[in-house]
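Novice: Here it is: the structure, laid out below.
The values are calculated or read from the model by the stated rules, or taken from the named source; none is laboratory data. Bear in mind the structure is a predicted one, so any value in this text is a computation, not a measurement. Cβ sites come from the backbone with ideal geometry, for glycine too, and all protein chains shown count toward neighbours. When the accessible area is computed, the model is the full protein with side chains, heavy atoms only, and any ligands, DNA or RNA have been set aside. Shrake-Rupley method; radii C 1.70, N 1.55, O 1.52, S 1.80 Å.
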Amino acid sequence: MKTQLAFSATIWVMVAFASSADTADKKLLPHPDALPNTHKPGEVDDPKLVPFIVRSTEKLPGVVVDETQAKLVGKWRYSTHTPPYVGLGYLHDQKQGKGESSVTFTPSLPAAGVYEVRLSHCYNIRRATNTPVTIHHADGETALRINQQETPAHKRLFRTLGKFRFERGNRGWVRISTEGTDGKYVIADAVQFIPVATRAAPLRIATFQIDATPPLGSPLCNGNVKPVMRIVSPLTARGVVLLGSEEPIVLCAFDWVGIGNESYDAFRQAVGKAVGTSADRVAVHTLHQHDAPGSDFATERLLAQHGLSKQYSNPDFDAQVMERLAAAAKRSLRNARVVTHVGLGVGRVEKVASNRRILGGDGRVAIQRQSSGGRNPAARDAPVGTIDPLVRLIAFWNDEQPLGVMTYYATHPQSYYGQGEVNWDFVGMARAVREQALPGVPHIHFDGAGGNVAAGKYNDGAKQNRPVLAGRLAAGMKLAWQSQQKTPVSGADVSWLVQPVSLPVRNTLIEAELLQKISAESNAKKVRLRAARDLVFLRRMKQGHRIPLTCLRIGNARVLHMPGELFVEYQLAAQQLRPNDFVAMAAYGDYGPGYIGTQIAYGQGGYETGIVSRVAPTVETTLTEAVKRLLEVKD
């Protein structure tokens with residue numbers, strides 16, 4: 001039996017650092033049939049990837065076959081120029097002899113059974129996007145084509161080819177060939193065979209929470225409103241650690257306005273290290289309250305260089321919160337509980353969300369209906385517009401005992417703000433109502449794709465509206481709780497996909513002009529702060545940084561984790577891609593991009609697609625393709 005699967009594989013990035021103590025296998029010698037390396041020791045194209053090199057195969061689980069043990073056909077050359085790799089280096093085909101060269105890896109397996117087969121390769125734009133790989137296993141052969149430009153999922157080095165049944169001994173093999181890869185390098189490095197346990201590991205959950213309330217005087221809302229003058233309600237950072245058959249997964253939500261760029265990376269790295277997982281298996285989101293702080297270490301550092309230190313954020317406090325968050329996540333592992341069932345539910349929320357962008361007869365935005373837009377009778381009387389009226393709920397159970405709840409609802413969370421009164425606004429109040437109704441059950445709430453959604457139709461900024469909005473959202477959460485359907489779950493039912501993306505930058509962001517804006521002391525402070533945020537994002541994208549979009553799968557449920565102030569149309573489109581499944585979305589991940597609209601929205605005008613959006617209209621294509629891969633939907 002031979003199975004042909006032609007696809008451009010989706011690659012999921014999981015970043016983790018290899019031990020600096022790794023040393024090369026003492027007995028490892030270059031393959032005698034390979035041409036020698038032409039690069040000097042230490043000559044690499046990306047030094048940041050050197051820590052991911054695995055010098056010794058003994059550091060890896062399962063059975064590993066290095067290129068030094070493989071069978072070579074055709075001309076292959078050694079290289080160490082592009083890390084990471086396993087052992088001495090990797091082989092490339094020199095872009096020559098296409099269709100005539102191959103590398104075959106044959107393991108000696110200690111027992112018959114099912115093995116996860118992983119292939120290691122370095123990656124960049126010079127690599128082949130359609131490298132043929134054939135796996136010969138006990139049930140026949142499976143032929144794949146993989147994209148070696150994409151980042152491997154496992155510690156930036158190995159990618160999973162699949163799980164296959166093998167006989168004991170050396171009857172199976174994996175072959176890399178060069179057929180049909182004209183103009184690009186084919187890479188051959190190592191193949192890993194990891195035995196798959198026949199009995200599924202249980203799913204376990206650990207929950208954590210810390211106080212994230214900023215001290216008096218700290219900037220709020222990225223320096224756009226008055227600093228902290230009074231604490232109305234404390235702010236929290238709370239989350240769950242999911243422990244199953246693979247590395248831990250962490251989901252975390254902050255009562256902050258946003259965590260972007262360098263801070264987004266740093267928070268995820270700190271938490272991942274603390275719980276023993278890679279940064280790309282950590283999702284950090286904010287609820288986007290405006291009487292709350294934001295964080296970006298890179299923007300803060302740039303502003304400090306221009307005399308604006310601690311006008312945008314409180315970096316010392318941010319670092320302390322990051323340290324305490326990581327410690328709390330680590331401590332939570334001691335009290336992890338077994339999850340036997342997962343409950344999924346939905347509830348309709350009445351009279352909270354409304355679309356912020358009201359179009360006129362010419363198809364352009366005629367009225368901006370912001371969070372307190374009800375002050376304008378025309379905005380109050382206009383239709384609700386495009387929203388997602390449902391709150392979605394995932395509950396974790398140990399038989400009849402609930403262990404934790406996660407909810408998702410798409411809207412800006414503001415009722416009124418801007419006077420230096422720190423609070424978690426109506427979404428935090430609704431969350432607290434539900435926690436009181438379910439004593440001892442942690443509730444982690446996530447803001448969905450609410451970039452163009454707010455409570456404006458139902459809110460005029462009057463203080464008495466905050467508890468009213470909270471009550472309506474809490475009622476929807478209650479309906480979701482009551483509607484949930486429980487199904488059995490194990491560790492094998494949980495998986496995590498990552499799709500890194502480089503977002504297209506708005507063409508009006510020009511580095512020299514932004515630097516001039518930051519440097520000009522005559523400019524208003526808000527202008528300089530925004531220019532710094534723009535410049536940091538511009539530079540990150542220019543340097544090739546990619547933002548990881550992720551998807552949690554629990555049985556038939558999918559939860560997408562997305563960046564920026566995302567328009568609700570992305571959430572609705574994702575649900576339509578899997579109409580028979582439960583699909584939730586958490587936005588406000590990496591806050592760096594700002595607002596992210598749909599392509600058509602950028603031609604309709606309005607606030608959200610103006611200077612507050614750092615991305616180009618083609619961002620819709622980038623994100624749509626990534627979401628399809630995460631949801632494993634084929635065209």
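Novice: Ratio to report: Rg/Rh of segment 549-635, with Cα atoms as the point set and Rh obtained by the Kirkwood method; give two decimals.
Specialist: Rg/Rh: 0.98.
Novice: Can you give the Kirkwood hydrodynamic radius of segment 211-316 from its Cα pairs, in Å with one decimal?
Specialist: Roughly 14.5 Å, rounded to one decimal.
Novice: Using only the alpha carbons of segment 315-463, what is the convex hull's orientation-averaged projected area in square nanometres?
Specialist: Across all orientations, segment 315-463 yields a mean hull projection of 11.8 nm².
Novice: Sticking with this one: Mind ordering 134-141, 517-524 by average Cβ neighbours within 10 Å, highest first? Kindly include the intermediate steps, with their values, before the conclusion.
Specialist: Numbers: 134-141: 16.6, 517-524: 13.5.
Ranked from most to least packed, the peptides come out as 134-141, 517-524.
Novice: Considering only Thr598, Ser502, Gln419, whose Cα is most displaced toward the positive end of the charge dipole of the chain, charges sitting on Cβ of Lys, Arg (+1) and Asp, Glu (-1)?
Specialist: Looking along the dipole axis, the top candidate is Gln419.
Novice: How much length would be gained if the chain were fully extended between Lys71 and Arg324, taking 0.36 nm per residue of separation minus their Cα-Cα distance, in nm to one decimal?
Specialist: Values: separation 253, 0.36 × 253 = 91.08 nm, distance 5.09 nm.
86.0 nm is the gain from fully extending Lys71 to Arg324.
Novice: Evaluate the distance, in nm, between pseudo-label points positioned 7 Å from the Cα of Gln305 and of Asp381 along their respective Cα→Cβ axes.
Specialist: Here the answer is 5.3 nm between the modelled labels.
Novice: Related question: Spelling out what I want: for every residue of segment 247-256, take phi, set θ = phi - 60°, compute 6.51 cos²θ - 1.76 cosθ + 1.60 (Karplus), and round to whole Hz; glycine and proline get x.
Specialist: 4, x, 10, 10, 10, 9, 10, 10, 7, 10
Novice: Return the whole-Å distance between the Cα centroid of segment 545-582 and the Cα centroid of segment 376-435.
Specialist: Segment 545-582 and segment 376-435 have Cα centres spaced 18 Å from each other.
Novice: Among Thr38, Val232, Ala382, pick out the residue whose Cα is farthest towards the positive end of the charge dipole of the chain, where Lys and Arg carry +1 and Asp and Glu carry -1 on C-beta, about the Cα centre.
Specialist: Sorting the options by dipole projection puts first Val232.
Novice: Which of the DSSP-defined H helices in the chain satisfy a minimum axial length of 18 Å, computed from C-alpha atoms, and a minimum mean Kyte-Doolittle hydropathy of -1.0?
Specialist: 261-275, 315-332, 425-437, 465-483, 525-542
Novice: Quick one: 3J(HN,Hα) in Hz for segment 184-193, Karplus 6.51/-1.76/1.60 with θ = phi - 60°, rounded, Gly and Pro as x.
Specialist: 10, 7, 9, 10, 10, 9, 7, 10, 10, 10
Novice: Let me ask another. Set the Förster distance to 25 Å, then compute FRET efficiency between Glu58 and Val338 from the Cβ-Cβ distance, nearest 0.05. The partial results should precede the final answer.
Specialist: Numbers: r = 33 Å, r/R0 = 1.32.
With R0 = 25 Å, the Cβ-Cβ based efficiency is 0.15.
Novice: So, one more: Below 15 angstrom from the Cβ of Leu515, what's the summed charge of the other residues (Lys, Arg +1; Asp, Glu -1)?
Specialist: +3
Novice: Grab the DSSP H runs of the chain that are 4 residues or longer, score each as -39,500 (n - 2.57), total them, divide by all residues and round the 222 nm result to the nearest 500 deg cm²/dmol. Walk me through the intermediate numbers first.
Specialist: On the way: 10 runs with 127 residues, N = 635.
Value at 222 nm, helices only, nearest 500: -6500 deg cm²/dmol.
Novice: Cα atoms only: what Rg and Dmax, in Å, come out for the chain?
Specialist: Rg and Dmax of the chain, Cα atoms, are 25.7, 81 Å.
Novice: Still on this structure, please answer the following. Consider all pairwise Cα distances in segment 39-125 and report the whole-number % of them above 21 Å.
Specialist: 38 percent
Novice: Where the only charges are on Cβ atoms (+1 Lys, Arg; -1 Asp, Glu), what is the dipole of segment 326-463 about its Cα centre, to the nearest 20 debye?
Specialist: 200 debye
Novice: Continuing with this model, one more query. Calculate the all-directions average of the projected area of segment 452-499's alpha-carbon convex hull, and give it in nm².
Specialist: 6.5 nm²
Novice: Rounding to the nearest 20 debye, state how big the charge dipole of the chain is about its Cα centre with +1 on each Lys and Arg Cβ and -1 on each Asp and Glu Cβ. Mind dumping the intermediate values first?
Specialist: Values: 75 positive and 57 negative charges, 71 e Å.
In debye, rounded to 20, the chain gives about 340.
Novice: Take the Cα atoms of segment 105-217, find their three principal axes, and give me the spread along each one in whole Å, biggest first.
Specialist: For segment 105-217, the Cα extents along the three principal axes come out at 65, 43, 17 Å.
Novice: Moving on to the next point. Using θ = phi - 60° and the Karplus curve 6.51 cos²θ - 1.76 cosθ + 1.60, what whole-Hz ³J(HN,Hα) does each residue of segment 353-365 get, with Gly and Pro shown as x?
Specialist: 8, 8, 6, 7, 10, 9, 8, x, x, 8, x, 10, 5
Novice: Based on the alpha-carbon gyration tensor of segment 166-263, what equivalent-ellipsoid semi-axes (square roots of 5 times the eigenvalues) come out, in whole Å, largest first?
Specialist: 50, 24, 7
Novice: Please arrange Lys98, Lys542, Lys184 by accessible surface area, largest first, computed with a 1.4 Å probe and ligands excluded.
Specialist: From most accessible down to least: Lys542, Lys184, Lys98.
Novice: Report the relative contact order of the chain, percent, no decimals, based on alpha-carbon pairs under 8 angstrom and at least 6 residues apart.
Specialist: Contact order relative to length: 13 percent.
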